[in-house]
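The next block holds one structure in the form of structure tokens; read it before the comments.
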């Protein structure tokens, strides 16, 4: 799924498509699914508000709650993100050569 999301995202970059987030990462949310787990959980309303805030800001990756925000910097500076940047540059270069 991850590879498909980024491959599709690279194709849409630069097109007049608004609020296209490539990736939304959520941490534990206080729902029935997590009932009984003794871990910090975000309220569903707070996570949803964080997702909409990310869309409004035009963020490519959205980390809407404290659990996901704890990994945001590592994600943005990690190998996967570096590979995405390389792939995006390759796609744009290939498209420019085709014109």
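Per-structure values
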{"item": "Residues 31, 94, sorted so that the one with the fewest Cβ neighbours within 10 Å comes first", "result": "94, 31"}
{"item": "Sequence of 68, 80 once ranked by neighbouring C-beta atoms within 10 Å, starting from the fewest", "result": "80, 68"}
{"item": "Fewest-first sequence of 45, 99 by Cβ atoms within 10 Å of each Cβ", "result": "99, 45"}
{"item": "Fully extended contour minus Cα-Cα distance, from residue 94 to residue 76, at 0.36 nm per residue", "result": "4.0 nm"}
{"item": "The range 46-99 - convex hull of the alpha-carbon atoms, volume per residue in Å³", "result": "83 Å³"}
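Values quoted throughout were computed directly from the atomic coordinates according to the rules given, and no laboratory measurement underlies them. Since the structure is predicted, the reported quantities are computational estimates derived from the model, not experimental observations. With ideal geometry, Cβ positions are generated from the backbone for all residues, glycine too; neighbour counts draw on all protein chains shown.
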